[in-house]
Amino acid sequence: TGGGTGIVGMWKAFDELEALGLIGPERPRMVVVQSAGCAPIVRAYAAGERHAALWANATTVAPGLRVPVAIGDYLILDTLRASEGTALAIEDAELVGESHQIARSDGLFVSPEAGAALAAVRRLRDSGWIHDTERVVVFATGSGLLHPDLTECQFPILQPGAAENADVVARALARD
């Protein structure tokens, strides 16, 4: 969660879908994930605060999470509490590592912000907060192409129409 408009908008959309008769009153638990270097919502949620204070000297490799004060902080916090959700902070090394892991395992080149969300899912499953029977939706809206500086892998250069392109790609995928 950077500025929090996503979580607030999703929560509002559930009410609108219910008003249209498209869904019932059940709602998912919502989760806020922030970088440990900029986690004003996480801190406010843990302290039971109504508003999130400015996070001084915010630092993170994930620019979308570098929001030291969210304009809709109270709306985000209200959503977390109404949904019986939670909030957690992820260290930069973990969120970058998770974005690399999802690239290796699923072929998705996601942003570090998405890596934070995926790391949170792993942590919440390990803790038992998310049960094996539950379905989880992760909004991974950022592409790794926005952050090539955080990528450890080297991409092969393919020549249009070259017969050896398949071999070049296979060798690149075999590297870890």
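Structure values in brief
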{"quantity": "Single match in Arg104, Arg135, Arg123 (criterion: in a loop (DSSP other than H, G, I, E, B) and among the basic types (Lys, Arg))", "calculated": "Arg135"}
{"quantity": "Condition check for Ala172: part of a helix (DSSP H, G or I) and either of a type in the set (D, E, K, R) or surrounded by 14 or more Cβ atoms within 10 Å (Cβ to Cβ) (or both)", "calculated": "no"}
{"quantity": "Selection within the stretch 14-40 - among the basic types (Lys, Arg) and touching an Asp or Glu at 6+ places or on another chain (Cβ under 8 Å)", "calculated": "Arg29"}
{"quantity": "Among the candidates Thr133, Thr79, Thr86, residue that is more than 19 Å from the chain's Cα centre (by Cα) and polar (S, T, N, Q)", "calculated": "Thr133"}
{"quantity": "Long-range neighbours under 7 Å by Cβ, at least six apart or interchain, first residue at pLDDT 95 or above within the stretch 18-40, second basic (Lys, Arg) and surrounded by 15 or more Cβ atoms within 10 Å (Cβ to Cβ)", "calculated": "Cys38/Arg66"}
{"quantity": "Per-region count, the stretch 31-67, residues touching a strand residue (DSSP E or B) at 6+ places or on another chain (Cβ under 6 Å) and assigned to a loop (DSSP other than H, G, I, E, B)", "calculated": "7"}
{"quantity": "Members of the stretch 91-125 that are farther than 21 Å from Leu145 by Cα and of a type in the set (Val, Ile, Thr)", "calculated": "Val121"}
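The values are calculated or read from the model by the stated rules, or taken from the named source; none is laboratory data. A quick note: this is a predicted structure, and the numbers were derived from the prediction, not measured. Quick reminder, even Gly has a Cβ in these numbers, built from the backbone with ideal geometry, and neighbours come from all protein chains shown.
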